[in-house]
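The values are calculated or read from the model by the stated rules, or taken from the named source; none is laboratory data. Because the structure is predicted, anything quoted here is derived from the model rather than measured. Cβ: placed from backbone, ideal geometry, glycine included. Neighbour counts: every protein chain shown. Note: areas computed on protein heavy atoms with side chains; ligands, DNA, RNA excluded. Shrake-Rupley method; radii C 1.70, N 1.55, O 1.52, S 1.80 Å.
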Amino acid sequence: MRVRYFVRRLRHMSELEETRWRAVEERDTSLEGCFVYAVTSTKIYCRPGCSARRPLRKNVKYFATSLEASVAGYRACQRCRPDQVEVSDPSLKAVIATCRELEQRGSANSALSIGARLGYSERHLRRLFLETIGVTMSSYERAQKSQRARENLRKGMPVTSTVFV
């Protein structure tokens, strides 16, 4: 008998935000280094596992790195110090590096090439990514592309330019 596993396909950035919110809500320390969240009402950004008071969901914005959050005008939390985070787990480092690779514009690298560069097989890297981030690599990449497209359209770029960027 054949057993099939269905991974829910990520269709909107909101689903990735749902996964991130769950990590913030549960104070999940396993995702530290993968992203930071900023609270718009206090202008502070934290790690997902921060023990500070939990913000309202409507006041939360997500950033890939601490640098992006600080450029956007937020300051680092004094409690969890997200700008000084140091990841020691090699598999988590590989997942974070994969996230950064997929977030880049025009990144034409496949999972096979990313895995080879990081010292993992394609299958192992995909499984680690899914277990850690909560969505598949291709879903994450699609969400990043759609987010960039939305930002470009908000900036006033023509649709045809946005599609091919």
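Observations on the structure shown:
- Under 19 Å between alpha carbons - lysine pairs in the chain that sit 8 or more apart or on different chains: 5
- The chain - charge dipole about Cα centre, Lys and Arg +1 at Cβ, Asp and Glu -1, debye rounded to 20: 480 debye
- For residue 152 and residue 40, a Förster radius of 22 Å and the Cβ-Cβ distance give a FRET efficiency of 0.50, rounded to the nearest 0.05.
- Cut-off of 10 Å, at most 13 other beta carbons, DSSP loop: longest stretch of the chain lacking such GluC sites (Glu not before Pro): 87-165
- For a paramagnetic label modelled on residue 56 (point 7 Å from Cα along Cα→Cβ), amide N atoms under 18 Å away belong, within the range 24-41, to 25, 38-41.
- The range 49-100 - accessible surface per residue (Å², probe 1.4 Å): 61 Å²
- Loop-resident trypsin sites (Lys or Arg not before Pro) (DSSP state other than H, G, I, E or B) in the range 14-50 with no more than 16 further Cβ atoms inside 10 Å of their Cβ: 27, 43.
- For the range 111-165, the share of accessible area belonging to carbon and sulfur comes to 58 percent (1.4 Å probe, ligands and nucleic acids excluded).
- Approximate spin-label separation residue 15-residue 130, in nm, with each point projected 7 Å along Cα-to-Cβ: 1.3 nm
- Relative intensity, log₁₀ I(q)/I(0), of the range 82-165 from a Debye sum that treats every alpha carbon as a point, q = 0.12 Å⁻¹: -0.42
- Most positive-pole-ward Cα, 69, 33, 95, against dipole of the range 28-100 from beta carbon charges: 69
- Note on residue 145 and residue 109: the extension gain reaches 11.5 nm, defined as 0.36 nm multiplied by sequence separation minus the Cα-Cα distance.
- Charging the Cβ of each Asp and Glu at -1 and of each Lys and Arg at +1, and nothing else, the dipole of the range 76-151 about its Cα centre rounds to 180 debye.
- Mean residue ellipticity (222 nm) of the chain, computed from DSSP H runs ≥ 4 via -39,500 (n - 2.57), nearest 500: -14000 deg cm²/dmol
- Note on the range 14-79: the alpha carbon radius of gyration divided by the globular reference 2.2 N^0.38 Å gives 0.97.
- Length released on extending from residue 116 to residue 22, taking residue separation times 0.36 nm less the Cα-Cα span: 30.7 nm
- Quarter the surface of the alpha carbon convex hull of the chain and you get the mean projected area, 11.5 square nanometres.
- Cα convex hull volume per residue for the range 83-127 (Å³): 75 Å³
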